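Just so it is clear, none of the values below were taken in a lab; they were calculated from the coordinates. What you see is a predicted model, and the numbers here were worked out from it, not measured in a lab. All Cβ positions, glycine included, derive from the backbone under ideal geometry; neighbour counts span all protein chains shown.
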Amino acid sequence: MEHRSGLASSPSSPPSPATPATGSASTPRSTHRLELSAPPGDADLVSGLLAGLVSFGWEEQGADDVEPIPGDAGASPPDGRTRFVVHCDDPAFLQGVADRVRSLAPNVEAALDEVPATDWLAAWKVFFEPVSCGGRFVVLPPWRADEEGFEGRTRVLVEPGGAFGTGHHATTALVLAAISDLLDAGGITPQDRFLDLGTGSGILAIACCTQGLQGLALDVDPVAVDNARANAALNGVTGLRVESGSLELAQGPYDLVLANILAGPLIAMAADIVALLAADGRLVLSGILSRQAGEVEAAYGRQGLGPARIVTEGEWVALVWEGGRHVH
Ligand SMILES: C[S@@+](CC[C@H](N)C(=O)[O-])C[C@H]1O[C@@H](n2cnc3c(N)ncnc32)[C@H](O)[C@@H]1O
C-alpha cells in the first residue's frame, strides 16, 4: 500500500468545500470514505483525476500490494484492480469526486461509506515512513524524529495536518532534490532569500530554512497555512514567514522561487512568477506531468527564461531554471 498525497486544484477553481477527516482518538466520531476500484487500464486516469480534485491526499493500493488499511477488513482487490481511498468529513464532496471519476471512467467502481474518523489518523501514522529526498534531506513524522540511520542528512519534521507535503509524493521529492542540487552546486547559498508559493505543509520552505535561507511561504488554503506554521515551529526554524495568500503578498526579487502547484496555474502565473525572480535567481516548478513539461517551459520561455533542466520521477517532472531571467 502506498500512501499518496493529492495535488491542489487550480486557483481558478471554486474553493473546495471539503476538509480532510479530522477525528482524534480522544473524541471519536465518524467521517466518510470513498473507495474507487479501477481496472488496470484506468488506474493512471484515476490517479491523475484525484491529483486535480483532492488537495489533502488519498491512499492507493495496487494489485501487488498486500498490506491492508488498518481497521479495514476488506481484502486486497482481485483482478489487477487498483483501489483508491479518500477520507473526508463531507460526503457531498466525495460524491462529487465519485461522479467526476465515473463520468470519465465508467468502469471504475465507487463506494461511499461512513467510517470511524480514527481510521484515517491511524492510516497516516502507520504509513508515514521516513523518506530521504535529494542528497540532503530526510523527512520524518515527529513521532519518529530520533530514528537512526540517516547520518549526514538534515531532518525535516512534518506533522501531517491535512495539507499536502510529506515528501512521499514525487512532486515534493523532486523539489527537495533540486534544492539539494542547487546548494551543492552553489547556485543558491545560505544567505539567499526564497519564495515558496503553495507551501502546503511548509516542507519545502522548512527545508530551505534548515540550510540557512530565509523566506516567505504562501498558501491560499488556511488549513495549509496553519499546518505550515505548526511545522515551522516544530522544526525550530527561523527566518520563515508563513502567510495566507498568493502572489499579491510576494515582494521580490527572490534568489529562489519554488512552486509545486499544477501545470495550468503555473502557466497562468508565469509572468508574475518570473517578475519576482532576481536577475540571477533560480526557479523550480513542480506538479507537472511529463506530457505537460513542454507547454510549461514554453510559457516561461515567453517571459525571458532559457531552457529548463528537467528532472523526472515516474510520470511527474520538475523544471529547474538555474540561469535566472533573460537567459536565451
Ligand atoms: C501540491 S501542494 C504543494 C505543497 C508543498 N509545497 C509540497 O511541495 O509538497 C500545492 C499547494 O499550493 C496551494 N496553492 C494552489 N494554488 C495556489 C496559489 N495560486 N497561490 C498560493 N497557493 C496555492 C494549495 O493550497 C496547496 O497547498
Expressed in nanometres to one decimal, the distance between label points 7 Å along Cα→Cβ at Asp226 and Glu148 is 3.8 nm
If the chain between Arg100 and Glu248 were fully extended at 0.36 nm per residue, the gain over the current Cα-Cα distance would be 50.1 nm
For Arg81, enumerate residues with amide H under 5 Å from its amide H, sequence gap 5+ or separate chain, H modeled in the peptide plane. none
Going highest first, how would you order 92-101, 129-138 by mean Cβ packing within 10 Å? 129-138, 92-101
What does the charge count near Gly41 come to, summing +1 for each Lys or Arg and -1 for each Asp or Glu among other residues with Cβ under 13 Å from its Cβ? -2
By Cβ neighbour count within 10 Å, fewest first, Ile206, Ile267 rank Ile267, Ile206
Starting with the fewest neighbours, write out Ile288, Ile310 ranked by other beta-carbon atoms found within 10 Å of each beta-carbon. Ile310, Ile288
If r is the Cβ-Cβ distance from Leu234 to Gln191 and R0 is 41 Å, what FRET efficiency results, to the nearest 0.05? 0.95
